[in-house]
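Undergrad: Shown below is the structure under consideration.
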Amino acid sequence: MSLEFHPLCLTLPDMAKDAFAALVEDIRRNGQHRDIVLHEGMILDGRHRYRACLECGVEPRMTEFAGDNPVAFVVSENLARRHLTDSQRCLVAATLANLSNGQRASSANLRSWAVTHAQAAEMLGVSERAVQKASVVKRNGATRLVESVQAGKISLNEATRIAALGHKSQERIAQIENRKERNHEMTKAINISNGRKRPPPVPRLDFVKAIEQPAWVQTTLGRLENLIQAIKDVQIESTGFAQRLRSDANWSDERFCERFDRCRPWLGALADARDLNPEGQEQERAA
């Protein structure tokens, strides 16, 4: 007869497939090292050991939980063995936090082990604010998004921004493995949800005519502003953008360096334009 997993046991994320395969092989060769711990007729700790034993035909060795705080036991046992990211720990803490601001747990069978956000944060070694953010992701996040945070594939900060979108957009973005591609798709989805659309590009053949128009400079600045807003939508400010430019850019790529060198004089000219403007200088002197 197969055993059920205790709800506390399920607050921890599943092992990665390769790690579980290694556990199965280790138990097959060397036997089960640690007992599986039972509580209330369910597996409190050791669900992966239990599944591995069944998979390789080893009789599981079990023991009853003898302590008085199953929450602290599960957390301490698994934090010592599992290499969880900060985002994963926050999500575990949010799952444990069934009491918030003194509210009563909704289910009687949970009251004996429910904890507040502050208690869960202290147990998992994270901030209470981060646990609250994780609770929002659990509440508003699509299944694929929450699973990606649990698996350590998406950070909590990124998931918080994605969770503000519709579930279809969340599911689509959460499937993208590359972080830069996810950010690109997230920016597009945010712009669409905010009702913003990119201005139509000026056809290359009509560009000469376009720059002859009196409003050309204003239109061009508007397009630059849209680009800057798209960057800020993913919570990257100018200093952060400069840091990303220094750290993420491939400065050994000749083509990239050529493009950067072509852009740099224009950026500098834009920064100096206000100082060179006589009206701007008069305004500054008047101030």
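Undergrad: Would you call Asp45 of a type in the set (Asp, Glu), free of Cβ contacts under 8 Å to residues at least 60 places away in the same chain and not assigned by TED's automatic domain parsing to the domain that holds Ala159?
TA: yes
Undergrad: Considering each residue of region 234-267, count those that are surrounded by 11 or more Cβ atoms within 10 Å (Cβ to Cβ) and either among the polar types (S, T, N, Q) or assigned by TED's automatic domain parsing to the domain that holds Glu181 (or both), and give that number.
TA: Number of matching residues: 2.
Undergrad: Then there is this: Can you pull out the residues in region 40-85 that are within 15 Å of Leu12 (Cβ to Cβ), of a type in the set (A, V, I, L, M) and in a loop (DSSP other than H, G, I, E, B)?
TA: If the condition is that a residue be within 15 Å of Leu12 (Cβ to Cβ), of a type in the set (A, V, I, L, M) and in a loop (DSSP other than H, G, I, E, B), then Leu84 is the only one that fits.
Undergrad: Return yes when Leu99 is at pLDDT below 90, within 25 Å of Glu25 (Cβ to Cβ) and part of a loop (DSSP other than H, G, I, E, B) and no when it is not.
TA: no
The values are calculated or read from the model by the stated rules, or taken from the named source; none is laboratory data. Treat the numbers as computed from the prediction; the structure is a model and nothing was measured. All Cβ positions, glycine included, derive from the backbone under ideal geometry; neighbour counts span all protein chains shown.
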